[in-house]
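Before any comments, here is the structure.
The values are calculated or read from the model by the stated rules, or taken from the named source; none is laboratory data. On a predicted model such as this, the values are computed, not experimentally measured, just so you know. In this analysis, Cβ positions are derived from the backbone assuming ideal geometry, glycine residues included, and neighbour counts consider all displayed protein chains.
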Protein chains: 2
Amino acid sequence: MAALVAKSLRRELRREYIVGGRLPSEPELAEQYGVSRGTVRQALAVLEREGVIIRRQGAGTYVHYISRAQIRAEHAREYSDLLRSSGFEPGIHLNSFHFEPLSEALAAQLDMEPQTPSLVVCKTFSANGQPAIYCIDRIPTKWIISEFVSEELERPIYDFLRDHCNLTIAHDFAELIPTVASPEVADILHVPPGSPLLRFDETGYDVVGAPVYLSTTYYHDNFVRFSVLRKRI
Amino acid sequence: MAALVAKSLRRELRREYIVGGRLPSEPELAEQYGVSRGTVRQALAVLEREGVIIRRQGAGTYVHYISRAQIRAEHAREYSDLLRSSGFEPGIHLNSFHFEPLSEALAAQLDMEPQTPSLVVCKTFSANGQPAIYCIDRIPTKWIISEFVSEELERPIYDFLRDHCNLTIAHDFAELIPTVASPEVADILHVPPGSPLLRFDETGYDVVGAPVYLSTTYYHDNFVRFSVLRKRI
C-alpha cells in the first residue's frame, strides 16, 4: 500500500505542486487516499529518501524538487516526449553547432577514416525550465545531402537524419557510463562540478546495420532516472 | 574493419595477456589480422581511448587493464558467470552478514512494516583477484524457514531464496543510479573515494508479483559495463 501511495503522491506532486510548496498534513493525506496514517508516513519516508520532499520538524512537509522522469533503459524515446509524459514542461535549447574532423577513436567507432569531417550538435533539454539532459551528436558531413537551417538542429536527430541525410535509424547501441560532471558540463546542467552523472555513449545504426552517427548524452539524475526490468523465469 | 579488429584484440587481451604485458608491433598485428597498418592503428586508438592499452612513445604498446565485462542491462545473469564468460577468473568474498531492522523507507519498498527484521548480506565479486562488484542484499528474516551456514551466503541470492525461503524470483526491477564512491565503498572496490560508480537499486519480485528482497549493487566501471540496445523501427 505504502508503495502505491508514494507513487500516487509522486505523480500528484509533479502535476500540482511547485518546489517549496507545502503538502497537506498526514491525517489529511490519510483521508485523501483512504489509508492509515502509518501508510502515509511510510509513503512520505520513501519520497523523503528520494529527495522529493523535505520534512521539517514541527513545520510540515515541503516539496524539495519535482520528481524525476522514469524511463526503462531499453526503450528509445524522444526526450521531449519523455519529459512531457512525466509531467514536466519540456524545452529544447541549441547550445551550439560546428564542423569538426572525427578523432581516430571516434572515426573507428563509425568504421570511417580518421579526420572524417562531421557536424557536431550540442543541445540541452530542459524540464520546467531547468536543464535536465545535455546531448552531443556527431554526424559525418558526407551523409548530409540537402541544406538545413540551424532551427532544424533543435529537432530530434532522427528527423534530421531522415530529412537531410535520407537515413533511417533502425536501432542504437548505448554504453552506460558512470561519470562526474566536468566544469563545462556542470555549468550546462547547473550542478556542482564532480556531481555524479549517468552518461550514455550511443552509436546509431541504419537499416542495413551500418553505424552512422555518434551521440554522447548526460542525464541529470534529479530529472531523469533509468531503470531496467529483468525477467528471471 | 577497425571496430572488428578492436573487438578481437579486446577478447585476445582478456584471454592471453596480463596487465603490463607488451603487445606485438603494429606491422605484426596487421599481419596477424590480415588488415592494413592504418586499420590496426585505428583499432589501437579505440582500445587506448577505452583505457585498455597504453601506448608509450618509442617503447611500444602495453596492457593497462584487462577489458571490462560487457552486459546488456536488461539481461539478468549471475555475476560469476558474467565475469567468467568475459574471460575473467571470478571469485566471491563474503564481506559480512548481520541482522538489522529495515528502515521506514526500505520497508515501504517491500510493502512491509518499518523495523521488519532483515538479514543483510554484503558480498564482493572479484575479477582476476581484483574487486569488481560490491553487493548488499536485504532479505526479511520472516521468509527464512530453514537454518543455513554462512558459506551458503556466498552462493547467488536466488539459490538462497529458493533453498531457505521457498521463494522463486520471477523478475527484478532495478533503478540505475550514478553515484560516487563513499570512503567505505572506495575501500572495498579499491578505487579512490569520489570515483564515479554505477549503482543498481534492485527489488526482487516473486511469482505472484510481490516484492520480496532488496539489493544495492556497485559496479567498478573498469570491470563491468552495461549497455542497452534500443530498437527504433
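At a glance:
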| read-out | value |
| --- | --- |
| A:I71 vs. criteria within 14 Å of another protein chain (Cβ to nearest Cβ), assigned to a strand (DSSP E or B) and at pLDDT below 95 | yes |
| Test: B:R56 is away from chain A (no Cβ under 13 Å), free of Cβ contacts under 8 Å to residues at least 40 places away in the same chain, touching a Pro at 6+ places or on another chain (Cβ under 6 Å) and charged (D, E, K, R) | no |
| Condition check for A:P211: modelled with pLDDT of 90 or more, surrounded by fewer than 20 Cβ atoms within 10 Å (Cβ to Cβ) and either out of contact with any Ser or Thr (no Cβ under 8 Å at 6 or more places or on another chain) or among the acidic types (D, E) (or both) | no |
| Pick from segment B:1-46, criterion in a loop (DSSP other than H, G, I, E, B) and within 14 Å of chain A (Cβ to nearest Cβ), ranking: modelled with the lowest pLDDT | B:M1 |
| Filter result for the condition that a residue is in a loop (DSSP other than H, G, I, E, B) and away from every other protein chain (no Cβ under 14 Å), over B:F148, B:F125 | B:F148 |
| Out of A:L161, A:L167, sole residue that is of a type in the set (A, V, I, L, M, F, W, C), within 14 Å of another protein chain (Cβ to nearest Cβ) and part of a loop (DSSP other than H, G, I, E, B) | A:L167 |
| Segment B:128-145, residues that are in a loop (DSSP other than H, G, I, E, B) and under 23 Å from B:D81 (Cβ atoms) | B:N128, B:G129 |
| Any hit, segment A:85-106, residues being among the hydroxyl-bearing types (S, T, Y), at pLDDT below 90 and more than 26 Å from A:V149 (Cβ to Cβ) | yes |
| Complete set of residues in segment B:134-150 that are over 23 Å from the mean Cα position of the chain (by Cα) and closer than 13 Å to B:Y213 by Cα | B:P140, B:T141, B:K142, B:W143, B:I144 |
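Quick grid of which residues meet (1) within 22 Å of B:E100 (Cα to Cα); (2) in the same structural domain as B:A73 (by TED's automatic domain parsing); (3) not basic (K, R):
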position	(1), (2), (3)
B:I145	yes, yes, yes
B:R155	yes, yes, no
B:R162	yes, yes, no
B:A170	no, yes, yes
B:T179	no, yes, yes
B:E184	yes, yes, yes
B:T216	yes, yes, yes
B:H220	no, yes, yes
